[in-house]
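In what follows, a structure is listed as structure tokens, so that the remarks can point back to it.
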Amino acid sequence: MSSLTASRALAPVGTAGKFFAFGLDVLRALFRRPFQLREFIQQAWFIASVTIIPTALVAIPFGAVIALQVGGLIKQFGAQSFTGSASVLAVVQQAAPIGTALLIAGAGGSAIAADLGARKIREELDAMMVLGIDPIQRLVVPRVLAAMLVAVFLNGLVSVVGVAGGYVFNVILQDGTPGAYLASFTALSQLPDLWQGMAKALVFGLIAAIVACYKGMNAAGGPKGVGDAVNESVVVTFILLFIVNFVMSAIYIQLVPPKTG
């Protein structure tokens, strides 16, 4: 009885180890040839097609809420001239990468997990290995690179739409001055802030794709197992994204001191 309890207690450790080993296999397969260019283009187009419209729609309330909250808080301190720069920093550094990653994981990642899970229960992955074809190189690598590429472009879209939405809501609802909002961009923001947002989006896309592929390729139990794998991939990705976001933000603050007005 005690051994059974211990095995259950250590099960998450074993799962984490298998996931880490899978990630290393994917990183090694990135440099193998031949590269599946056609699969990469198809997956990039598919992920972009299912995420671009929801991302644009989500970016508007993201920018609006941040502008309203930051604008109201800064107004209490009498520093309305810094509303634009504070809102832009919040969107570019935090809201854009996280919003992009959540949609990549929720829309693109779930589709990837469902596709690979269906291949797993139909034993297509086993057939590929029997034929000497590495499923990681053939199926996983193109999907991981496609998710990373689309995440970077969507991050730029969310940044632009979020900043524009924040500008509109600040000027209309908070009686802000358009000139002051635009002029304050350079007061606190700096170019490394943009690179940080892009780096976060790249890493978040990598994590979302690897988790989705891992869960899909380890699905078991028929169609119900595929559904469970899709749900688990989204939940695990969300948890990892917030942890990694905290770590990357803390490292960035240590490496790049904030710009003072």
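The values are calculated or read from the model by the stated rules, or taken from the named source; none is laboratory data. What you see is a predicted model; the values in this text were computed from it and never measured. A quick note on method: Cβ atoms are made from the backbone with ideal geometry, for glycine too, and the neighbour counts reach across all protein chains shown. Remember, those area values only see protein heavy atoms, side chains included, never the ligands or the DNA or RNA. Shrake-Rupley method; radii C 1.70, N 1.55, O 1.52, S 1.80 Å.
Annotations
- Our coupling estimate for the range 143-156, obtained by passing each phi through the Karplus curve with A = 6.51, B = -1.76, C = 1.60 and θ = phi - 60°, is 6, 5, 5, 5, 5, 5, 5, 5, 4, 5, 5, 5, 4, x Hz, Gly and Pro reported as x.
- Of all accessible heavy-atom area on the range 35-253, the percent that carbon and sulfur account for (1.4 Å): 74
- Per residue, the range 16-145 exposes 50 Å² of solvent-accessible protein surface, assessed with a 1.4 angstrom probe and all protein chains in place.
- Taking other residues whose beta carbon is less than 14 angstrom from the beta carbon of Asn155, and scoring Lys, Arg as +1 and Asp, Glu as -1, yields 0.
- If you take all other residues with their beta carbon under 12 Å from the beta carbon of Val92, and give Lys and Arg +1 and Asp and Glu -1, the sum is 0.
- Segments 131-142, 33-44 sorted - mean Cβ within 10 Å per residue, highest first: 131-142, 33-44
- Taking packing as the residue-averaged number of other Cβ atoms within 10 angstrom, the listed peptides 93-101, 189-197, 155-163, 55-63 run from highest to lowest as 93-101, 155-163, 55-63, 189-197.
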